[in-house]
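A.B. asks: Below are the C-alpha cells for one structure; questions will follow.
The values are calculated or read from the model by the stated rules, or taken from the named source; none is laboratory data. In this text the structure is predicted, and so the values were computed from the model without any measurement. Reconstructed Cβ throughout: ideal geometry from the backbone, glycine too, with neighbour counts over all protein chains shown.
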Amino acid sequence: MKELNLGTRPRDERTFAAPDEPLYRELATIDALTFRRMLDRVFWHPPADSLRFEVRAIPSEQGSEYTVTAIMDGVGEVWFDADTIPARWDAIATFELSWSLSQLQAAQHDLDAVGFEKPGGKPGIERMPDYSSIQDPAEAGGYRWQVINRLRKAGVDLK
C-alpha cells in the first residue's frame, strides 16, 4: 500500500488561515473535505479498495495541520496520477466552498445561511446542496477518459 500527502487544496489556491490563526481548524477542514470530494471527481470515483482519499490531521507544534492523503493499492497506483490533479478548484468545489463558508459564518453569528436569526435549532447544520449539475460535461468526460486511458495503457481489464 502506498500513501501520498496532497495538501489541503489544489497547488495554486491560496490558504485562508495559518495553523495558529483563529478558525484555522474549521477553514482547513472545509478546504480538505472539498479537495477530497474534488479528487474523487477527478479520478472518476475510484474503487475504495484500490484508491481512496482521506483527510488527516497531522500533529504539529501549532496544533494540527490537515492534509488529504491518497492511499493506493494495486491498480490504484495506475488509477492515480499526481500530474492530473487540477491546479485550481473546479466549479463544483467553488460552490461547495462558498456554501461551507456561509454555513460557518452563520454558525459563528447564530444566523441561518441567509442572515436571519434561527428560531430554536442550531445554525449551520443544513445539508450541502448537490452542485454536480454545474460541472461542464466535457470536464467530467475528460477526467473519465484520463483514467480509462491510464488503465488501458497499463493493461488493466475494464470489464
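This table checks each residue for (1) modelled with pLDDT of 95 or more; (2) of a type in the set (Ser, Thr, Tyr).
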{"residue": "Leu4", "(1), (2)": "yes, no"}
{"residue": "Thr8", "(1), (2)": "no, yes"}
{"residue": "Thr15", "(1), (2)": "no, yes"}
{"residue": "Glu21", "(1), (2)": "no, no"}
{"residue": "Tyr24", "(1), (2)": "no, yes"}
{"residue": "Asp31", "(1), (2)": "yes, no"}
{"residue": "Thr34", "(1), (2)": "yes, yes"}
{"residue": "Arg37", "(1), (2)": "yes, no"}
{"residue": "Trp44", "(1), (2)": "no, no"}
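A.B. asks: Quick check on my filter: what residues within region 46-92 are assigned to a helix (DSSP H, G or I), more than 19 Å from Glu13 (Cβ to Cβ) and either among the aliphatic types (A, V, I, L, M) or in contact with a Cys (Cβ under 9 Å, 6 or more places away or on another chain) (or both)?
C.D. replies: Of everything in region 46-92, just one residue is assigned to a helix (DSSP H, G or I), more than 19 Å from Glu13 (Cβ to Cβ) and either among the aliphatic types (A, V, I, L, M) or in contact with a Cys (Cβ under 9 Å, 6 or more places away or on another chain) (or both), namely Val78.
A.B. asks: If you don't mind, another one. Which ones in region 5-34 are within 17 Å of Ser102 (Cβ to Cβ), under 13 Å from the mean Cα position of the chain (by Cα) and hydrophobic (A, V, I, L, M, F, W, C)?
C.D. replies: Leu27, Ile30, Leu33
A.B. asks: Could we say that Glu13 is assigned to a loop (DSSP other than H, G, I, E, B) and surrounded by 15 or more Cβ atoms within 10 Å (Cβ to Cβ) here?
C.D. replies: For Glu13, the condition - assigned to a loop (DSSP other than H, G, I, E, B) and surrounded by 15 or more Cβ atoms within 10 Å (Cβ to Cβ) - is met.
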